[in-house]
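To start, the structure under review is shown below, and the notes come after it.
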Amino acid sequence: MAEAKTIIRLENVTKRFGKAVAVDDVTLSVEEGEFFALLGPSGCGKTTLLRMVAGFETPTSGRILIDGQDMSRTPPNQRPVNMVFQSYAVFPHMTVADNVGYGLLVEGVAKPERDRRIEEALALVKLDDFGERKPDQMSGGQRQRVALARALAKRPRVLLLDEPLSALDAKLREQMRFELTQLQEKVGVTFLMVTHDQDEALAMASRCAVMNRGLLQQVATPSDLYEFPNSRFVADFIGQVNLFEGTLTVDERDHAVVRSPELDTPVFLDHGVSGAHGTSVWIAIRPEKIEIHKRAEEAPMMAMEDAPAGHNVTPGVIRHIAYLGSESIYDVELGNGRRVRALRSNLTRRDQEDLTWDEPVWLAWHACTPAVLLS
Amino acid sequence: MSGAIKQRRAPAAPLEYLRHWPIRTWLVLVTVYLYAPLVTLVAFSFNNSKHNVVWRGFTLHYYALALQDSDLITAFGNSLTIAAISTLVSLVLGAMTALLLWRFRFPAKTAFEGALALPIVVPEICMGVAMLVFFTQVMPWPTSLPWPLNLGAIIISHISFSFSFVAIVIRARLASFNRELEEAAKDLGAGEWRIFRDIIAPHMTPGLVAGGLLAFTLSLDDFVITFFTSGPETTTFPIKVYSMVRFSVTPEVNAASTILIAITVLLTFIALRLQGTDVARNAAGGA
């Protein structure tokens, strides 16, 4: 694989608004050709970070390098990046073609060349015959395409997207996710997207950065974020999770054991943790990775084949079932009163009738599924 | 079955106001009281009677008379000139003030915004007296200047009240501006001046048209303030009409007023047409 080239580099970027710290000492690199997502709850500083890359805010301290050049203080109209705004910000008094060509007009691109590039950009977003339309004659989804075409017509090094799908209805959002990724692959431009929607980030991005309270929490591929979160915040923010506080009692090269007062069973892991013995840790187990088995009264404890007997299996009683069609969510109460959430796909039509309320069950998980979190 | 029954109208829905008789009556009354005086004025401008009390037949004689009355024509010309100049200056000042208030933060901004509304709330008679005192005691305006410079005092006093209206109308228009449009233009490479020309000004246009129209009509029919600032050489149309009415109400006054009404209606019509279609289209061209 060719060596990836860094296109955006943030070095110790901090942004303060008065006393409030919006972005706190963020260091981050975005590679050329990536679809990079900045993910976090509202107010986490992701939008401020994007606006600093665009040039609408200047960092209080730290440097922003675009394509190797320090652009921390360069005004937005002189940066090789273009933005798709949350409100799309399509100029209402111009036709679609004039909107798309505006950046080129300002740049001084001659009319024949401009017309060619307008046509090219409109074709890219499948709005070929819409050039003469006015924005108020278009739907929200079409206006977004205009905004996309307008930004891409400038041939930016990086395309910035601020919550691109938040204003669309659910069905269209799904479709645009797919189209945006396709578009990105087609034009090969680096996309930097801000979103608060974890599904959106996981589905579209090649890499994500999770932010919270101005701090960068984790930068990883979507699957690594989901499977190997590095903190309780990330584990909880991305998808659903059952968290148990415990202590590390065994920590060998090829296995580890965590005991939690919240669980009746020790948690066996098929890998070492490299934490000190007796360290306080959190165990994170995703609901879909917990198996539910029927439990007969007085039956011997079931065992998982990849863990020693008595590990990774705990009895409980189903207290609540949420039927979601494709899957069901089971709220299971353990002996000590702790509720655990387990999820099961309804593979056959009988599946959801199989388990019922107040039914005694075994909850079990494989040794590879729990994630150990140190913070 | 359905064909056999004679179709009856559905009972009036709560919001179908025009189908309730009390509201209809109210509507008719309001219309009559609003427009009857105007209709009378226009009708009697064609009345073939010197004293203009009873209808004595149709004539255009008084229109001819009004158009031959050189004093009346001069006053009319003065009024239009004052209105045109004060509208233009008010538009420039008002637009700049509106932009200032919209765009920038500065000390005592709230006080400034409040003071802007003063000319609107201060009774006109007070404004008139204030102008009179100002132009006699503080800055006497020379009356011997050639036309239209001799209208300066009136023009200045008209600007002083109509620019507030213009500023407030444009300020309100700017409040609906999406700042992301400005950022988008900047992101696409435009500088401040270019953003103003291509993005902000087109958005302001309806406000400019509305504000200009307001300033023009306010100036054209202002009586009180003008009364205190005009001299014998600088009569405006309302003042002239007032002095004519003091002698007798002849159809000539009606005729002159009708012409004024016609001009105002025409201007409003043109302005609305501009606002609706051409302005938007021209602005869309960009360059």
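Bear in mind these aren't lab numbers, they're just calculated from the coordinates by the rules spelled out. Bear in mind that the values here come from a model prediction, so they are computed numbers and not experimental data. Here Cβ is always computed from backbone atoms with ideal geometry, including for glycine, and neighbour counts include all displayed protein chains.
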Average partner coverage of A:93-103, which counts Cβ from other chains inside 10 Å:
5
Take the Cα coordinates of the protein assembly as shown, assign each an equal point scatterer, and use the Debye formula without solvent to give log10 I(q)/I(0) at q = 0.09, 0.12 Å⁻¹.
-0.96, -1.23
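Please give the net charge around A:Leu49, taking every other residue with its beta carbon less than 10 angstrom from that of A:Leu49, where Lys and Arg add +1 and Asp and Glu add -1.
On the way: positive: A:Lys15, A:Lys46, A:Arg51; negative: A:Glu57.
Counting the neighbours of A:Leu49, the net charge comes to +2.
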Above 20 Å lies some portion of the pair distances; for the stretch A:215-338, what is it as a whole percent of all C-alpha pairs?
52
How large is ³J(HN,Hα), in whole Hz, for each residue of the stretch A:302-315 in order, when computed from phi with the Karplus curve 6.51 cos²θ - 1.76 cosθ + 1.60 and θ = phi - 60°, using x for Gly and Pro?
6, 10, 8, 5, 9, 9, x, 3, x, 10, 6, 9, 9, x
Sorting check: for B:90-99, A:4-13, which peptide has the highest mean count of neighbouring beta carbons within 10 Å, and how do the rest follow?
B:90-99, A:4-13
Rounded to a whole number, what is D in µm²/s for chain A from Stokes-Einstein with the Kirkwood radius over alpha-carbon pairs (37 °C, 0.692 mPa s)?
140
When the convex hull of the C-alpha atoms of the stretch A:262-313 is computed, what volume per residue in Å³ does it have?
120
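Scan the stretch A:87-167 for GluC sites (Glu not before Pro) in coil per DSSP, keeping those whose Cβ has at most 13 other Cβ atoms within 10 Å, and list them by number.
Sites meeting the loop and neighbour criteria: A:Glu132.
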Can you tell me the orientation of helix A:140-153 relative to chain A, as the angle in degrees between its alpha-carbon axis and the longest Cα principal axis, to the nearest 10?
60
If every alpha-carbon in the stretch A:103-158 counts as one equal scatterer, what log10 I(q)/I(0) does Debye give at q = 0.15 1/Å?
-0.41
How far is helix A:170-187 tilted off the main Cα axis of chain A, in degrees rounded to 10, range 0 to 90?
60
Dipole of chain A (Lys/Arg Cβ +1, Asp/Glu Cβ -1, origin at the Cα centre): which of A:Asn12, A:Val313, A:Val106 lies farthest to the positive side?
A:Val106
Around B:Met131, with a cut-off of 15 angstrom between Cβ atoms, what is the net charge of the other residues, counting Lys and Arg +1 and Asp and Glu -1?
-2
Could you point to the residue in B:Pro123, B:Ser164, B:Ala153 farthest towards the positive end of the stretch B:95-239's charge dipole, with +1 and -1 charges on the Cβ of Lys/Arg and Asp/Glu respectively?
B:Ser164
For the stretch A:157-305, size of Cβ-based charge dipole, Lys and Arg +1, Asp and Glu -1, in debye
500
What is the average number of partner chain Cβ atoms found within 10 Å of a Cβ in A:116-128?
0
For A:145-155, A:25-35, ranked highest to lowest by mean beta-carbon neighbours within 10 Å, the order is A:145-155, A:25-35
By the gyration tensor of its Cα atoms, with a ≥ b ≥ c the square roots of the eigenvalues, what is the shape of chain B: rounded for a/c under 1.5, prolate for a/b over b/c, or oblate?
oblate
Going highest first, how would you order A:82-94, B:59-71 by mean Cβ packing within 10 Å?
A:82-94, B:59-71
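Checking the table A:Lys126/A:Lys154; A:Lys171/A:Lys289; A:Lys15/A:Lys46; A:Lys154/B:Lys186; B:Lys50/B:Lys240; A:Lys46/A:Lys186 against a 22 Å threshold on Cα-Cα, which pairs fail?
As for pairs spanning more than 22 Å Cα to Cα, those are A:Lys171/A:Lys289; A:Lys46/A:Lys186.
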Need the C-alpha centroid separation for the stretch A:57-80 versus the stretch B:177-235, integer Å.
37
How shielded is B:177-183 by partner chains, expressed as the average number of their Cβ atoms within 10 Å of its Cβ atoms?
5
Divide by every residue of the protein assembly as shown the summed helix terms, -39500 (n - 2.57) for each DSSP H run of at least 4, and state the resulting mean residue ellipticity at 222 nm, rounded to the nearest 500 deg cm²/dmol.
-13000 deg cm²/dmol
Can you list which of the DSSP-assigned H helices in chain B have a Cα extent of 15 Å or more along the long axis and an average Kyte-Doolittle score of at least 0.0?
B:21-44, B:70-103, B:152-175, B:201-220, B:237-247, B:251-273
Can you give the % of DSSP beta bridges in the protein assembly as shown that are antiparallel, to the nearest 5?
75
Dipole check, the stretch B:35-150, charges on Cβ (K,R +1; D,E -1), about Cα centroid: among B:Val39, B:Phe134, B:Gly114 the Cα furthest to the positive pole belongs to B:Gly114
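With only alpha-carbon atoms in the gyration tensor, what are the semi-axes of the equivalent ellipsoid for the stretch A:234-275, in Å, largest first?
20, 14, 8
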What does the charge dipole of chain B about its Cα centre add up to, to the nearest 20 debye, if the Cβ of each Lys and Arg holds +1 and the Cβ of each Asp and Glu holds -1?
1020
Rounded to the nearest 10 degrees, what's the angle between the helix A:96-107 long axis and the longest principal axis of chain A, both from Cα atoms, 0 to 90?
70
Rg/Rh for the stretch A:163-247, where both radii come from Cα atoms and Rh is the Kirkwood radius
1.02
Rounding to the nearest 20 debye, state how big the charge dipole of the stretch A:295-375 is about its Cα centre with +1 on each Lys and Arg Cβ and -1 on each Asp and Glu Cβ.
280
Just need the relative contact order of the stretch A:167-274 here, percent rounded to a whole number, with Cα pairs under 8 Å and 6+ apart.
13
Cα-derived Rg to Rh of the stretch A:322-375, Kirkwood definition
1.02
